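Presented below is the structure to which this report refers.
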Amino acid sequence: MMDRSEIIGRVRKAGVVGAGGAGFPAHVKLNGRCDVVIANMAECEPLLYTNQALILEKAEEVLEGLRLAVQATGAKKGIIALKKKYVECRQAFEEKLKDFEDVEIFELGDFYPAGDEHVLVKEVLGRTIPMAGIPLDVGAVVHNVETLYNIKRACLDELPVTEKYVTVGGAVRHPIVIKVPVGVKFSELLDLAGGPTAEDFMLIDGGPMMGKEVTPDDVVTKTTSSLLVVPAGTLPYSARRIRTDLQLKRARTACCQCRMCTDLCPRYLLGHRLEPHKIMRTVSFGLMDAESLVNSLLCSECGLCEVTCPMGLSPRSINAGLKKVLAEKKVRFSKTEVKAGRPERESRKFSAKKLLVRLGLYDYSRPVERADVKINAREVKILLKQHVGSPAVPTVKVGDKVNKNDVVAKVPEGQLGADVHASIDGTVVRVDENSIVVKSE
Ligand code: SF4
Ligand code: SF4
């Protein structure tokens, strides 16, 4: 059995970061002590099939990664939290579970955002993470299933993270899930999915709720879970087109204080002090009530309030703007225990199907093929910051020959971050403050 420091060392060396979120370095999470590790297989954003495709191929490797995470953290067990509707994924796990005695399966309902760490821990363990806290505060560590797959590869195969499973979906001819080298352009992924079927569209890296708008020239990173083509006329499209200053103006004139945004807010329902309707009132009337504004730091930016507001307003983007201002002023929300959850939480969970309809994306929810296509990328642009923390510092220069898996940039000792590696064989043709470009021969 591999010892704790060896696991953490190998995961760090391989540059493993959270594959499904902001990219928190995995070796830091493994360094905590907890009693349970949860494998997050909620995949709750609409139109994403990345984790489901991964499990159908690599269930055993994910279980091995979970076992390594359990060993590193000293946990008593691992729990795979997956939606009840992922029947084939459950079967894929069950076929291998006999070799993994300390692993259980927990079935989640089909609601959004089941994969939010605060919501997930409440569902699986019944524990409430403090406001502004993390799962470790209640004895848990949560890893996305692809992160666990990468932990297994780092520890048992000594391979760094240079590839990513990605759903290419939405308004494309042939929605697919493919494994691609980190650093390939999104335009190449679009071509593999047969191109867009809409004339006016937006590209989103991630899910329609929390993903960010990108261009065809942007590239896949270690955290890219999907590339979605979102047509004009859908809610994710229009919400990203309205500027925050206009949102504020609209809030002043249109917010009727119905408090629907608060009543359905997942963090409010957990018992957090986040009440988006009060924040809307505060900012729209210029009442700079510091307490209400600080509470915006509790917003996960899940976007549910934007979907449910009858006036088409976006408390989420107001909160996101406030969070930036508060971060600049170095205002923090101190970790605070939640006194009690809201008893209505269970009945107010927002169904995933209803979400698809409200977003205008129901017609794009169709079976997605796992395409076993090998991309022969001629050029990759490897970003130096694909993770939470400091950017990696290049260790190569223009003209250097590199092989796939070679380290090309390292995070300075003692700083939070993750090393990055070449995802193809080739020559370094550009190095700047943001990226390293490698061209194949
Ligand atoms: S749901 Fe919309 S209209 Fe109602 S309180 Fe919230 S922001 Fe205002
Ligand atoms: S985005 Fe809206 S619903 Fe989601 S946590 Fe923030 S305030 Fe609540």
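The values are calculated or read from the model by the stated rules, or taken from the named source; none is laboratory data. The structure displayed is predicted, hence computed values, not measured ones. Here the Cβ positions follow ideal geometry from the backbone for every residue, glycine too, while neighbour counts run over all protein chains shown.
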Q: Spot the failing condition for L356; the list is (1) aliphatic (A, V, I, L, M); (2) free of Cβ contacts under 8 Å to residues at least 60 places away in the same chain; (3) buried (at least 17 other Cβ atoms within 10 Å of the Cβ); (4) within 30 Å of K85 (Cβ to Cβ), and only one is missed.
A: (2)
Q) Which members of segment 125-155 meet the condition of being more than 11 Å from A39 (Cα to Cα) and of a type in the set (A, V, I, L, M)? A) L125, I129, M131, A132, I134, L136, V138, I151, A154
Q. What single numbered condition from (1) of a type in the set (K, R); (2) over 24 Å from R250 (Cα atoms); (3) crowded, with 19+ Cβ neighbours inside 10 Å fails to hold for R316?
A. (2)
Q | Number of positions in segment 150-169 that are more than 18 Å from the chain's Cα centre (by Cα) and farther than 25 Å from I8 by Cα | A | 0
Q) Looking at segment 291-320, which of the residues that are touching a Ser or Thr at 6+ places or on another chain (Cβ under 6 Å) and touching a residue at least 40 places away in the same chain (Cβ under 8 Å) is farthest from P266 (Cα to Cα)? A) S317
(Q) Need a quick list: helices (runs of 4 or more DSSP H) entirely within segment 1-102 having at least 1 residues that are over 20 Å from V141 (Cα atoms) and at pLDDT 95 or above. (A) 4-13, 50-73, 87-96
**Q.** Residues of segment 123-182 satisfying the condition of being outside the structural domain of I79 (by TED's automatic domain parsing), polar (S, T, N, Q) and not in a loop (DSSP other than H, G, I, E, B)
**A.** T167
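Residues checked against (1) of a type outside the set (K, R); (2) part of a loop (DSSP other than H, G, I, E, B); (3) modelled with pLDDT under 95; (4) crowded, with 17+ Cβ neighbours inside 10 Å:
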site	(1), (2), (3), (4)
R366	no, yes, yes, no
A377	yes, yes, yes, yes
K381	no, no, no, yes
Q386	yes, yes, yes, yes
G399	yes, yes, no, no
A409	yes, no, no, yes
Q: Working only within segment 6-35, note down all residues that are aliphatic (A, V, I, L, M) and in contact with an Asp or Glu (Cβ under 9 Å, 6 or more places away or on another chain).
A: A14, A19
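Residues checked against (1) within 12 Å of ligand 2 (Cβ to nearest atom); (2) over 26 Å from I134 (Cβ atoms):
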| site | (1), (2) |
| --- | --- |
| H277 | yes, yes |
| T282 | no, yes |
| L293 | no, no |
| S296 | yes, no |
| C302 | yes, no |
| N319 | yes, no |
| K324 | no, no |
| R332 | no, no |
Q | For R342: the one exception among (1) at pLDDT 95 or above; (2) surrounded by fewer than 17 Cβ atoms within 10 Å (Cβ to Cβ); (3) under 23 Å from the mean Cα position of the chain (by Cα) | A | (3)
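From the list S296, S351, S317, pick out the single residue that is away from ligand 1 (no atom under 16 Å from the Cβ) and among the small types (G, A, S).
S351
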Q.
All but one of (1) closer than 23 Å to A418 by Cβ; (2) out of contact with any helix residue (DSSP H, G or I) (no Cβ under 8 Å at 6 or more places or on another chain); (3) among the small types (G, A, S) hold for A75; state the number of the condition that does not hold.
A. (2)
